[in-house]
Amino acid sequence: MKKLIAAAIIAGAAFIAVPTAANAAGYVPASNVSVSGTVVAGGTVTVGFAAGSFTPGETVNVSVTGAGAVTLGALPTTTVSATYRADASGATSVRVTLPDGASGTYSLTATGAASGNVATASLTVAPADGAATVGAAGSGGGQGELAFTGGTISTLGLWAAGGALVLGGGLLVVRRSVRRQRDAA
């Protein structure tokens, strides 16, 4: 019984520790991602994904997350998702309009529905008296405007909390098993 419980705990910890999503998709190189426009609160930027980033004509699911628009408890949250279509060369672009009170970093992730290719871009909004910075790593696409709404919670935080719950549950099961064996003896 102890071996079975220990094996279940180790399997659960291994499952949580292994980044399976990273192994599931192809990543678009940062050189295929471009950001044009000025990243300022209330401004609009265009994130472009070069030819070959996605399969020609495929649906591209785009989500944007960032801080500064809504707060849920102590967690700043903003998320929006939209669907775009890659053109005949596998390229696309997304227009992102930042909220008037935008601040901090916004992350754009584009995922090809058929190819599984994942592209990312990072938009950092500086305070009103500072300069904005733009970073890119990945790719995405589409035509139209993408507004910011919704919520984000750190994925690492969710995995850590889930891992703590699994390990805590495992410890309780082991403790109960040991107590039953002592009582039976």
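The values are calculated or read from the model by the stated rules, or taken from the named source; none is laboratory data. All values derive from a computational prediction rather than experimental measurement. Here the Cβ is made from the backbone with ideal geometry for all residues, glycine too, and neighbour counts use every protein chain on show. Keep in mind that these areas ignore ligands, DNA and RNA; they rest on the heavy atoms of the full protein, side chains included. Shrake-Rupley method; radii C 1.70, N 1.55, O 1.52, S 1.80 Å.
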Please go through the range 168-185 and pick out each residue that is open to solvent by 100 Å² or more (accessible area, probe 1.4 Å) and either more than 44 Å from the chain's Cα centre (by Cα) or over 15 Å from ILE10 (Cβ atoms) (or both). LEU172, ARG175, ARG176, ARG179, ARG180, ARG182, ASP183, ALA185
From the list VAL40, VAL47, VAL35, VAL118, pick out the single residue that is at pLDDT below 90 and surrounded by 15 or more Cβ atoms within 10 Å (Cβ to Cβ). VAL40
Take the conditions modelled with pLDDT under 75 and surrounded by fewer than 17 Cβ atoms within 10 Å (Cβ to Cβ) and apply them to GLY157. Does it pass? yes
Mind listing just one residue for me: the one in the range 50-68 that is crowded, with 23+ Cβ neighbours inside 10 Å and among the aliphatic types (A, V, I, L, M) and, of those, modelled with the highest pLDDT? VAL60
